[in-house]
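Below: one structure, written as structure tokens.
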Amino acid sequence: MDLVGGVPLPDGRECKMVTGIDGHSRFVVITSVVAVPSARAVGSALPAAMRRYGVPFKILTDNGKQLGKRVLLSGQD
């Protein structure tokens, strides 16, 4: 799971993509555009993927501030 890219908006802000890829099959399970790359935005992308594909055994991230353990468990900023 990672935040990638930067999609420029007309007002000068930049959107990011929340991505999640299955480590074994390389199947993309999450793609979500977020206007503000916050912990809350990342946390809200997970439930839909889990409802559709099931709860993963583990989630690997680079532990960036939006992807830390506290965020993934609670969805808090």
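The values are calculated or read from the model by the stated rules, or taken from the named source; none is laboratory data. Since the model is a prediction, treat every value here as computed from it, not as a measurement. Note: ideal-geometry Cβ built from the backbone for every residue, glycine included; neighbour counts use all protein chains shown.
Summary of values
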read-out	value
Verdict on Val33 being assigned to a strand (DSSP E or B), at pLDDT 80 or above, exposed (fewer than 14 other Cβ atoms within 10 Å of the Cβ) and over 11 Å from the mean Cα position of the chain (by Cα)	no
Gly54 vs. criteria modelled with pLDDT of 85 or more and at positive phi	yes
